[in-house]
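To start, the structure itself, in structure tokens.
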Amino acid sequence: MIESILGGLLIMFMRICDVSIGTIRTILVVQGRKYLAGLAGSIEVLIWIFAIRFIFQNLNEIPQFIGYSLGFGLGNIIGITIEQKIGFGFVQLNIISRNHSKEIAELLRKNKYGVTILPAEGTSGGLSILVTIIPRKFQKATISLIESVDKNAFITVQHSLPYRGFMHGSRK
């Protein structure tokens, strides 16, 4: 019985590893990082093969099935958490502030973020939309910076894949 439980824990650990790597690999694929995605995929599949081999050798052990499924669920949670901490890629922030657009733009530029100001019209009249593209790992800090000027600013976040002419920070 103890061997069966230990086997289930081993399988759970292997699944946590391979699913976490798979989550990160998926993001690498979407961002076009083919060599890193290929390396991650190779490691992911190798771990999966070991896990599934272990299960097929012990098909009558229920704790191993439970370990497999728990490992899959936990692997998703851990993979997403790791990816959020690493913050691969870029995001585009669109910021609408009723009264503080210029102050927000100045603060972002002072902190080396490029900002484009677009004229817009809402139901209450003219306003500005601020657009900035930043590394995703700086998203929380940048939003905090914006909210330090206007807690009520309307902010949307979109994934962004800069194509040409992109330069992080303000252009000189």
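The values are calculated or read from the model by the stated rules, or taken from the named source; none is laboratory data. Please read these numbers as outputs of a predicted model, since none were measured by experiment. Cβ atoms come from the backbone with ideal geometry, glycine included; neighbour counts cover every protein chain shown.
Some points to look at:
Matching residues to (1) of a type in the set (A, V, I, L, M); (2) modelled with pLDDT of 90 or more; (3) assigned to a strand (DSSP E or B); (4) under 16 Å from Val91 (Cα atoms):
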{"position": "Ala120", "(1), (2), (3), (4)": "yes, yes, yes, no"}
{"position": "Ala141", "(1), (2), (3), (4)": "yes, yes, no, yes"}
{"position": "Leu145", "(1), (2), (3), (4)": "yes, yes, no, yes"}
{"position": "Ile155", "(1), (2), (3), (4)": "yes, yes, yes, yes"}
{"position": "His159", "(1), (2), (3), (4)": "no, no, yes, yes"}
{"position": "Pro162", "(1), (2), (3), (4)": "no, no, no, yes"}
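- Any hit, segment 59-67, residues being over 21 Å from the mean Cα position of the chain (by Cα), at pLDDT 95 or above and either surrounded by 19 or more Cβ atoms within 10 Å (Cβ to Cβ) or in a loop (DSSP other than H, G, I, E, B) (or both): no
- When we screen Thr142, Thr81 for residues that are buried (at least 18 other Cβ atoms within 10 Å of the Cβ) and among the polar types (S, T, N, Q), the only hit is Thr142.
- Scope segment 88-131; condition surrounded by 13 or more Cβ atoms within 10 Å (Cβ to Cβ) and at positive phi; matching residues: Gly89
- Single condition Arg109 does not satisfy, out of (1) assigned to a helix (DSSP H, G or I); (2) touching a residue at least 60 places away in the same chain (Cβ under 8 Å); (3) in contact with a helix residue (DSSP H, G or I) (Cβ under 9 Å, 6 or more places away or on another chain): (3)
- Taking segment 64-106 as the range and being touching a residue at least 12 places away in the same chain (Cβ under 8 Å) and among the β-branched types (Val, Ile, Thr) as the test, the residues that pass are Ile66, Ile78, Ile80, Ile82, Ile86, Val91, Ile95, Ile96, Ile104.
- Restricting Asn76, Asn94, Asn152 to those that are in the same structural domain as Arg15 (by TED's automatic domain parsing) and among the polar types (S, T, N, Q) reduces the list to Asn76.
- Checking each residue in segment 3-61 for being touching a Gly at 6+ places or on another chain (Cβ under 8 Å) and β-branched (Val, Ile, Thr) picks out Ile11, Ile16, Val19, Ile21, Thr23, Ile24, Ile27.
- Pick from segment 1-39, criterion outside any helix (DSSP H, G or I) and surrounded by 15 or more Cβ atoms within 10 Å (Cβ to Cβ), ranking: modelled with the highest pLDDT: Arg33
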